[in-house]
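Trainee: I'd like to ask you about the structure that follows.
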Amino acid sequence: MSRRVVEINGRRLSLANLEKDLYPSYGFTKARILEYYRRIAPYMLPHLQGRALTLKRYPDGVAKEFFFEKRCPSHRPEWVKTAQVAINGAEPIFACVAEDLETLLWAENLASLELHVPLARAATPDRPDAMVFDLDPGEPAGVPESAKVALILRDLLSRMGLESMGKTSGKKGLHVYVPLNRTEATFEQTKTFSRAVAGILQRHYPDLVTANMAKEERRSKVFINWSQNDAKKTMICVYSLRAEERPSVSFPFTWDELEDAVRLADPALLKVLHDEAVRRAEERGDRFRDVLSRAQILPHL
Amino acid sequence: MAVRGMWSGTISFSLVAIPVYLVKAVEPGRISFRLLHTREYSPLARRMVCPEDGAAVGWDEIVRGYEAGPEQFIVVTDEELASLSPERSRTIEISEFIDLADVDPVYFDRPYYLVPAKGGEKAYSLLVEVLRRANKAGLAKFVFGEREYLVAVSSRDGALAVITLHYHDAVRSEEGMAPKEAMAPKEAMAAADEAEVERINGVMKAMLGEFDPAKYADSRKHAIRELLASKAHAQAPVEAPALPGEEAEGPADLVAALEESMRQVKAR
């Protein structure tokens, strides 16, 4: 077993199993996963700031068993920040909060390929910073259908005076975010609003959209999962890897890019792998940063 | 006042304009039922389907067609219909005063009241009193929703009562309703018939009463209410599974704004 001790920002971190291939059919070792997160960190860390992290760990790679870890492992180094979170009124737990490179790499050393975060920060757990529409296509619908729905959603929200931004889920879905960043926002509002929006889309595009959770309703349609607007739910963090066959990334897209993908009928344009993600982020910066700063009010509530 | 107006505007004639609300005078209160799935008791949704393949048809793919003949339709768009709607107006303009007793009850459609809005109380009472003394009703046209209605405004118990009237072409002619014989002049009636009329007249006199509407009630409605009360008491209501996002739900204001925005998006 290989072990390497590195020092980051004056903190020592012991990395293990660096040569272990966690994406066996593609060929992507833990060393390369750590390298990916190291390079994407400047763009990703602002989105992890202050948020209780849920680690989705794949100790034996994407093809094997995984588990969710909401509780920050007790064997953590003392410099790993935590936040107290209460889940469903149960005993509060301490969750990891990754605000620096060393914490991010420590989490990745645990094979936490996917990093999930709530829409609210740990200090204000009932205040979402954004409203989200999780577009989840049911077979045989896929990225093209999701893209169509995302564009309708953008137009509808824009008519309602709301600017929205999107990212890929890294799988087949798309996530449309409406930044709020206002102290008075509540999950009750975002849920009411997103639910009404999902209902309208379902009514106007019954062949394309469903707002119904039931699996059989979702076949060949895009399910608009509005129920993600909840203090208890988490979303895959932007720039996180996904545990797919290939190391794809939940990556921001611009609306122009989405329109191109629809026009060219090329869903591959929306599939961003690790190397492409780093290249684009380093070239263009964080395309998702407005989600953290743009302040908007939901109308008609 | 606790009544909520379904329309507000002014009632006017000559130089008087009185701010008023329109409220319904009757509330039939039919007991309505939702249609549920027998298995899970979830309320069922209506959906337009294509009879050929059974596939759901979206609202953006639906137009109105007037059936001109068998399998022949004249397609009319919402815009065309909207262009025919009378201009929205906020006044009930009285154009004539008539005797309500002259109006055949077959013309009466739906009764409403006009309630004075703030600042209109005095002029309102004045108009009520004038109509009462003259025992006349004001005839007016007024636009409500997409249609223009003919209404008669009269005084009743210190308030302005409104009844919408059917248009003349909507009322069936009486021709052919009465049997031919009855049209014969009175003198032609046989003596035997005359005696029968007298006899029935006697029976009728014995049955004479004052109309007391409180004596009559919709017995089926009461029976259904009682059934519902006893069932609610005997067993808890069945619960429908929570269906997230079923139809457009949410605050009416928000849904209306979303519908309008959706319409604009699709119109592009």
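The values are calculated or read from the model by the stated rules, or taken from the named source; none is laboratory data. The structure displayed is predicted, hence computed values, not measured ones. Glycine also receives a Cβ, built like all others from the backbone with ideal geometry; neighbour counts cover every protein chain displayed. The accessibility values were calculated without ligands, DNA or RNA, using every heavy atom of the protein model including side chains. Shrake-Rupley method; radii C 1.70, N 1.55, O 1.52, S 1.80 Å.
Trainee: The range A:152-198: which residues show an accessible-area loss of 40 Å² or more, assembly versus chain alone, 1.4 Å probe?
Mentor: A:Asp155, A:Leu156, A:Arg159, A:Met160, A:Arg195, A:Ala196
Trainee: To continue, here is another question. Within straight cross-link reach of B:Lys180, meaning Cα distance under 30 Å, which lysines are found once same-chain residues fewer than 8 apart are removed?
Mentor: Those lysines meeting the cut-off are B:Lys205.
Trainee: Skip the ligands, DNA and RNA, and give the accessible area per residue of the protein assembly as shown with a 1.4 Å probe, whole Å².
Mentor: Each residue of the protein assembly as shown exposes 59 Å² on average to a 1.4 Å probe.
Trainee: Assuming a viscosity of 1.002 mPa s and a temperature of 20 °C, what translational diffusion coefficient in µm² per second does Stokes-Einstein assign to the range A:103-216, Rh being the Kirkwood radius over Cα pairs?
Mentor: Answer, rounded: 137 µm²/s.
Trainee: How many Å² of accessible surface get buried when B and A come together, counting both sides, probe radius 1.4 Å, rounded to the nearest 100?
Mentor: 2500 Å²
Trainee: Follow-up question, since we're still on this one. Let me check against my output: what whole-number percent is the relative contact order of chain B, with C-alpha pairs under 8 Å and at least 6 apart?
Mentor: Computed value for chain B: 17 percent relative contact order.
Trainee: A further question on this structure: Take the alpha-carbon centre of the range A:101-122, take the same for the range B:1-76, and report the distance between them in whole Å.
Mentor: 53 Å
Trainee: Greater than 18 Å separation of Cα atoms is the criterion. Which listed pairs, A:Lys81/A:Lys167; A:Lys191/A:Lys271; A:Lys56/A:Lys191; A:Lys191/A:Lys232; A:Lys148/A:Lys215, meet it?
Mentor: Beyond 18 Å: A:Lys81/A:Lys167; A:Lys191/A:Lys271; A:Lys56/A:Lys191; A:Lys148/A:Lys215.
Trainee: Name the shape class, rounded, prolate or oblate, that the alpha-carbon gyration tensor gives for chain B, where a ≥ b ≥ c are the square roots of its eigenvalues, rounded holds for a/c under 1.5, and otherwise prolate holds if a/b is larger than b/c and oblate otherwise.
Mentor: Cα axes put chain B in the prolate bin.
Trainee: On a 0 to 90° scale, report how tilted helix B:252-267 is relative to the longest principal axis of chain B, with both axes built from alpha carbons and the result rounded to the nearest 10.
Mentor: Helix B:252-267 sits at roughly 70 degrees to that axis.
Trainee: List the trypsin sites (Lys or Arg not before Pro) within the range A:1-108 that fall in a DSSP loop (any state other than H, G, I, E or B) and whose Cβ has at most 16 other Cβ atoms within 10 Å.
Mentor: Taking the range A:1-108 and a limit of 16 other Cβ atoms within 10 Å, the loop trypsin sites (Lys or Arg not before Pro) found are A:Lys64, A:Lys70, A:Arg71.
Trainee: Provide the three semi-axes, in whole Å and in decreasing order, of the ellipsoid equivalent to the range B:117-224 as defined by the square roots of 5 times the Cα gyration tensor eigenvalues.
Mentor: In descending order, the three semi-axes are 40, 23, 19 Å.
Trainee: Follow-up question, since we're still on this one. Considering only DSSP beta bridges where both residues belong to the protein assembly as shown, give the percentage that are antiparallel (nearest 5).
Mentor: If we restrict to bridges inside the protein assembly as shown, about 95 percent are antiparallel.
Trainee: Tell me the mean residue ellipticity at 222 nm calculated for the protein assembly as shown from its helices only (DSSP H runs of n ≥ 4, each -39500 (n - 2.57), averaged over every residue, nearest 500).
Mentor: -9000 deg cm²/dmol
Trainee: Consider all pairwise Cα distances in the range A:3-117 and report the whole-number % of them above 25 Å.
Mentor: Here the long-distance tail beyond 25 Å is 20 percent of all Cα pairs in the range A:3-117.
Trainee: Shifting gears a bit: Have a look at the range A:201-242 and report residues whose accessible surface goes down by 30 Å² or more when the remaining protein chains are included, against the chain on its own, probe 1.4 Å, ligands and DNA/RNA excluded.
Mentor: SASA drop of 30 Å² or more in the range A:201-242: A:Gln202, A:Arg203, A:His204, A:Tyr205, A:Pro206, A:Asp207, A:Asn212.
Trainee: Roughly what percent of Cα-Cα pairs across the protein assembly as shown reach past 32 Å?
Mentor: When every Cα pair of the protein assembly as shown is considered, 64 percent fall beyond 32 Å.
Trainee: Please compute, over every Cα-Cα pair in chain A, the percentage with a separation greater than 23 angstrom.
Mentor: 56 percent
Trainee: On to the next question. Just want the answer: with Cβ charges of +1 for Lys and Arg and -1 for Asp and Glu, which residue in A:Ser14, A:Leu301, A:Tyr36 is farthest toward the dipole's positive end in the protein assembly as shown?
Mentor: A:Ser14
Trainee: Turning to a different aspect of this structure: Nearest-5 percent of antiparallel DSSP beta bridges in the range A:157-294?
Mentor: In the range A:157-294, approximately 80 percent of DSSP beta bridges are antiparallel ones.
Trainee: In whole percent, how big is the carbon plus sulfur part of the accessible area of the protein assembly as shown, probe 1.4 Å, protein atoms only?
Mentor: Answer for the protein assembly as shown: carbon and sulfur cover 53 percent of the accessible area.
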